[in-house]
Structures are given as C-alpha cells and as structure tokens.
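The block underneath contains the structure these notes are about, expressed in structure tokens.
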Amino acid sequence: MIKFTNVNKWFGDHQVLKDITLEISRGEVVVICGPSGAGKSTLIRTINKLEPIDQGEIIVDGFNLMDPKTDLTALRAEIGMVFQHFNLYPHRTALKNIMLAPQKVRGLSKKKATERSLELLKKVGLAHKSDAYPIQLSGGEQQRVAIARSLAMEPRIMLFDEPTSALDPELINEVLDVMTSLAREGMTMIVITHEMGFARSVANRIIFMDNGEILEIGGTLDMFTKPKHQRTREFMSKVLHIPVANNNHEDKPEEGG
Amino acid sequence: MDFLIEQFGNWKFYLIGAYPKGPLGGLSINIAIALLCMIISFFIGAIFGMGRLSCRRYISYPCIIYIEFVRATPALLLVFWFFLFIPSVLGTNISLFWSSVIALSIYSTAYQAEIVRGGILAVPRGQMEAALSSGMTRFQAARTVILPQAFRMMLPSFVSFFISLFKETSVIYIIGVIDLTQAGVIISQRQPDRMFASYLCMAIGFFVVCFSMSRVAKTLEKKVGILDLSSYRPTVCRTDLSLYPRGRGKSAA
Amino acid sequence: MITGIKVTVLIAVVTSVMSLLLGTLIAVMRKSRITPLRALGGLYVETFRNIPGLLWLLFFYFVFPEILPSGLGEKLNAYIYFPIVASIIALTFDNASYVSDIIRSGLLAVPPGQREAAISTGLSRIQQYRYVLLPQTFRKILPPLGTRMIHNFKNSSLCMAITAPELTWATQQIESLTFRGLEATTLATAFYIVVSLSIGGVIIILEKYLKIDIESITHMETG
Ligand SMILES: Nc1ncnc2c1ncn2[C@@H]1O[C@H](COP(=O)(O)OP(=O)(O)O)[C@@H](O)[C@H]1O
Ligand SMILES: [Mg+2]
C-alpha cells in the first residue's frame, strides 16, 4: 500500500531522511518511535507530500509521488492526517470543521455532509458537541474532532503525528480509544507515538528511528523484549520506564506519561 | 526617453522650487514640513499620549477626545481650517507655510500620541514592579526603565508615521503651497505635451523618500518588533503601577 | 452640501469595497508560488504605497486621458462624471495597496498547521484560501482594516483637487460663492468626525461579535 524506496531528504545541509526503504501493507498498523528530531514527522509528512523528497521513490496506493503528473489533491483526499496540535479551524464549529472537505472536495450535498459528519461525531463520542467551536472543547475533544474530520473523507490511510503528546495525561485515553477502534476496523494506520501501551495492543510493527535512519523494524513483542540495537534498548527503557534487558522476557511494561 | 531627460533639466525646481530667487519649494518643502511637524508633534503627542493613560478622567478624557476627533478629521480639512478661518478669527495673518505646519502638527500630534501610548503599554507591567521594588522612585523608574524601553519600541512606528505624514504633506498643494506636487503641476501646465514626464518626476521624488524610509522602518522593526495596540485590552486602571503617582485615581474601564 | 455628502459617501463606499477585493487578490498573489505573480504583487504595493494618493488622483484625472488614444481621452474629459470615476479608480488603487499589506500580515499570522490541515483533507489552493485561511485572517485584521477604511473615507476629501463634487469641494464652493464657508466647513468637519467615529464603533462591535466564536471563549470553563 505504501512503498518507500531509498528515500533521501535534506533540509539544507542537514540530512533528515537517510536511505529509507519501507513497505507497509493494507490494514497494517505501524507505530514509529524515536527521539525528537529523528525525522519521524518528516517521514510521515512525505506520504501525503506535505514535504517533498529529494531522492528515491514513494508509491502510495498506486500514486507515484515523484511523478509530477500525480493529482496531489486526489491523493491527499485518500490520506487522513491528524496533527499534534489538532489544527482545527477555529472559526468553524466542530460539525463545520468536519463538513468542509466532504462538501468542497467530494461535492457532497449539505444534507449528506451533515448526516455523515454527525455520524462521525457520534463515533468519536462527541455528538453533543457538534455546535461547539474548537476553543470550547478540551484538548482530547479537539483531537477527536480532528480525527473525525480526517475520517470524513473516507481515507484509506490515516497518519497520526504525535496525536496525544499535546494532551493532559487524563485526556490521552479518550483519543487512544478512538484510534484503537479505528485500527480494529482494519484501517491502515501510521502512528508516531510514545504511548507504548497503545503500540502493544494494536500495532503490528514498530519502527524505531534515530538521526534520519530507520534503525530497527520489528514485531511489537520483539521490539519490547529483545531489541537488537543498543540505542533502541535505551530508548525503550526510557519510554517504558523500566529497564529493557538484553534478551530477557519482560512482560509487564505499561506506558508512562 | 529624451522627453524624460529634458524633464530632469528642471530638477532644481522639483527639488527646491524657485529658491534662492523665490521661496523655498518643491520636494524640500515637503520634507521640511514633515520634519518640523514630526518634531513639534512628538513633544505635544507625548503629553497627550501619556495623558490618555492617566487614571484621572479629567486628564484622560480630554486627551481621548482630542486624539479621536483629530484622527477622525481629514488632514485637508484641518489645513483649510488653519488656512481660511483661524487667521480671520484671530485677526492675524499667517503665511501659507506656517498655517500648513500648524495644521499638520495638530494632525500628527494625535497619531504620535497613540504611538507613545502604544510604546508605554508595550512595556510589561513587571518592569515597573521590578523597578519600584528595587527602591526606585516612580519618576526614576519611568525615566530609567519604562521610557527608554518604550521609546525603543516606538521607533519603527515613528518612522512609518513619518512616511505617511510626508505623503500627507502633499495636501498643501491644494491651498497653493509650491511643494513637489505643485511644482510638478506648474511644469506640466507649461508643457502640456510633457505631462506624463513631469508626473513621473513627481512620483520619483515621493517614491525615493518613502521607499528609503520604509526600508529604515523595516530594519528597525526587525530589531525591536512592532507595536500592536489592538492586542492590548486594559481592564482595570492600576494607579499603583501606572506612570503617575498614586492619587485620587479612580479605576476606569 | 447634501450632494457633496452623497458623493463623498458614494466614493467612500465604492472604493472601500473595490479596494477590499483588489487588496485580497494582491495579497494572495504575493503568496503565490508563481514568481512573476509574486513580483507583480510586490511591485504594485511598492508603487502605490510610496506615492501619495493625491498624486494618483491628479494622475488619473489629468494624465490618463492624455496618454489614451486622442479621441478616447477627449470623450473622457467631456464626460461629466469623469472626476468621480477618476477619484474612485485612484482611491481604490491607493487603498488596495494598504489593504493588501494588512491582509498579507494577517495571512502570515495564521498558523501553518491550518494550511497543512486543509491540504491534507484535499482542499485545493483556492478552497484553502476561501474556507480556511481568509476567514481567519479577516477576523484577525478587523481593527487595522477598520482604521484603513476610516483613512480611505477621509481621503475622499482629496478628490476635491480634481473637482469631484464631494463634501470638501462643496464647502469650498460655498466659501467662494457665498462667503459662508465657515458654517459649511464646520458642518463638514462634524460630518467627517461623526462618520469616522461611527465606522470605528461599528468595527469594535463587529470585532466583539466575531470574537465570540473564536477567542473570548478561552476564558470559559470547558468540559
Ligand atoms: N522545515 C524545516 N526546515 C529545516 N529543518 C527542519 C524542518 N523541519 C524539520 N527540520 C529538521 O529535521 C529534523 C527532523 O525533524 P522532525 O521530522 O520534525 O523530527 P521528529 O518528528 O522525529 O521530532 C530535525 O532536526 C529538524 O530540526
Ligand atoms: Mg515530530
């Protein structure tokens, strides 16, 4: 479904993506983690071409991103994206935030769009907040509206860039719950997060990035219990708040804040 | 092209009018009036600007009324007032030049007052608190802590205001001062077939001054930031932290 | 006098609306990816901002008919409403340059995430501006925009220089015909002050009203 081949990208002299080769299949849930500045955001932003790349090839759902003839708008309509800071439109109510793209891009009638948006709001548990402006919503609610907004385009792929790291701890779960149910429905998802509890329960694979490179890719359990690289091990023990021993089975990790 | 070069032969008239044989004119009179007004209105404007910040209504209200009324009046009308009516009421004769200067000073005082007010408001409250708690008197605090910071922040606004005042000085053409506009119009009437060229010369004159000043303003803005009066919403007038000594100040909205 | 007020209001309203449209267009042009469009927008703003409005008035009234093909220019000069038309054109162009700068700074103040969110839901560039960026911008720039419109209204007085029969021109006409200029000028000044202050008032009310949906509610407790 998504295929990176030898992708390189620079910001000036600084190489932020180093020879990324990666394949993600339909229905897969992939969690990306790694220290800040590793290039995680840049990586997923290349998928809907919010960031262009300098070398290599990316093919997403049959669209070749390097081909200048590719219809980017059509591609982006297929890919939902959820941001760390929600980026809801402050001048529109929750409902109208969700309705905008279906109406304008898909050309749905107002009635149809309203119907679908209300349905999605119900799905994220916010049917009663449809007329609230973003500023009247808590962070968790805003993020759930943002997820509904992406879902309104019926995307085939959802990208999440640290969707919970701007939230107060007690609001994180309401967002993760929505994401979990989305994963259960079979959505292809790429999630940057350090919520390892979430990764454990829904991810098929975990990617560890550092310094623009994919250092390690592995099944969830493997990454928790027997990471190959020292860097991965260090990082895991930090986010899991417990030491991750070399090859020992540690079976009680819970996520920290 | 040659008709343009021919126009440049008149450069002296564009720049200084008939001077030294006649009165000073052309571009230099625009600059002179703008500068003079800037200086006069800086001091008066500072008084009105600080007055508007006063917690005492008998000080702040007159200042507000002056500032808002003048800002609501076209500069041209102010010029007419001082050109046509005030002299006849006072029974004196003021030269064109001075009536323009007075009218435009009145005009720019209102704007400068707002700049001064913005500058003072932009200094964080904590600065006054810190200065007072380090044992300074209010006057010392104002002079050594608040006003220097405020002035820095006002600088770019002063320069931008100078540009708009400079452009505004072109209205004195209407009462007959031989400024750059008038000079150009006189020349263009002398040679109607060269009209375009003489307008181009006027435009160049204004453009050069405004453009270079706007670069100055931009550089200053980068250095000290821009005042944003609209983001400031006073809630309670804190006499104890304002620039003025504690008095019978009432809290105003 | 009454005609003067009518003409002043006509000029002010028409130029305000047209300069708002033109200014928006220029502001968006200046953010375009296409370099010639950007350069053209920049050139426009620099040209009009650095030359006084009065000069543009004189230019459109005196010079413009001259540089047209001869027959057309004479027709324009004979057209009795030409002063008003020239005033409207000149003031629109002049004001639009300021308006576009205000809008541009407003656009720059919209967080980049808004744009990214709009892009990633598949909105086209025009849709991004129309539904996401510009509405937020206008709410932000209302105060400076209001000030600009007051300026534009006051600038309509300059049109007397090209004999557009607006309010200030009327007062001078009264002065020279009847010597009752003092009364007329007093009335005119009062009119300018009342209208300017009312525009200011309307802007403040409008701002409060629009803020309700976005900003002032920050203080409300939410659940
Ligand atoms: N627009 C940009 N211009 C220049 N450098 C950037 C830009 N965006 C990101 N970077 C740099 O690229 C690196 C990777 O950034 P990012 O992908 O945001 O990392 P992460 O999301 O893993 O924290 C960082 O070093 C960052 O400073
Ligand atoms: Mg990131």
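None of the figures in this text is laboratory data; all of them are computed from the coordinates on show. All values derive from a computational prediction rather than experimental measurement. Note that we place each Cβ from the backbone using ideal geometry, even for glycine, and neighbour counts take in every protein chain shown.
Odds and ends about this structure:
- Any hit, the range C:120-130, residues being closer than 20 Å to B:Lys167 by Cβ and surrounded by 22 or more Cβ atoms within 10 Å (Cβ to Cβ): no
- Of all residues in the range B:165-180, those being in a helix (DSSP H, G or I) and touching a residue at least 24 places away in the same chain (Cβ under 8 Å) number 9.
- Residue satisfying condition, being of a type in the set (A, V, I, L, M), more than 26 Å from A:Gly140 (Cβ to Cβ) and crowded, with 16+ Cβ neighbours inside 10 Å, within set A:Ile190, A:Ile214, A:Ile172: A:Ile214
Rundown of residues vs (1) facing chain C (nearest Cβ under 10 Å); (2) surrounded by fewer than 20 Cβ atoms within 10 Å (Cβ to Cβ); (3) on the phi < 0 side of the Ramachandran plot; (4) in a strand (DSSP E or B), yes/no style:
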| site | (1), (2), (3), (4) |
| --- | --- |
| A:Ile53 | no, no, yes, no |
| A:Gly80 | yes, no, yes, yes |
| A:Leu108 | no, yes, yes, no |
| A:Lys112 | no, yes, yes, no |
| A:Ser117 | no, no, yes, no |
| A:Val145 | no, no, yes, no |
| A:Arg149 | yes, no, yes, no |
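- Test: residue in the range C:119-139 that is free of Cβ contacts under 8 Å to residues at least 60 places away in the same chain and more than 30 Å from A:Leu100 (Cβ to Cβ): no
- Selection within the range B:189-208 - part of a helix (DSSP H, G or I) and not hydrophobic (A, V, I, L, M, F, W, C): B:Gln189, B:Arg190, B:Pro192, B:Asp193, B:Arg194, B:Ser198, B:Tyr199, B:Gly205
- Residue among C:Ala109, C:Ala96 that is in contact (Cβ under 8 Å) with a residue 24 or more places away in the chain, of a type in the set (Gly, Ala, Ser) and away from every other protein chain (no Cβ under 11 Å): C:Ala96
- Residue match in the range A:39-47 (condition: more than 16 Å from ligand 2 (Cβ to nearest atom), farther than 30 Å from C:Ile141 by Cβ and surrounded by 21 or more Cβ atoms within 10 Å (Cβ to Cβ)): no
- Hits in the range A:73-94 - residues which are more than 30 Å from A:Asp168 (Cβ to Cβ) and touching a residue at least 24 places away in the same chain (Cβ under 8 Å): A:Thr73, A:Leu75, A:Arg76, A:Ala77, A:Glu78
- Filter result for B:Gly45 (in contact (Cβ under 8 Å) with a residue 12 or more places away in the chain, surrounded by 21 or more Cβ atoms within 10 Å (Cβ to Cβ), of a type outside the set (Val, Ile, Thr) and over 21 Å from B:Phe161 (Cβ atoms)): no
- When the range A:152-178 is filtered for residues that are within 12 Å of chain C (Cβ to nearest Cβ), within 28 Å of A:Lys112 (Cβ to Cβ) and away from ligand 2 (no atom under 16 Å from the Cβ), the ones remaining, listed by number, are A:Ala152, A:Met153, A:Glu154, A:Pro155, A:Ile157, A:Met158.
- Restricting the range A:9-65 to residues that are in contact with a strand residue (DSSP E or B) (Cβ under 9 Å, 6 or more places away or on another chain) and among the acidic types (Asp, Glu), the residue that is nearest to ligand 1 (Cβ to nearest atom) is A:Glu51.
- In the range A:27-34, the count of residues that are within 14 Å of ligand 2 (Cβ to nearest atom), outside any strand (DSSP E or B) and more than 14 Å from chain C (Cβ to nearest Cβ) is one or more.
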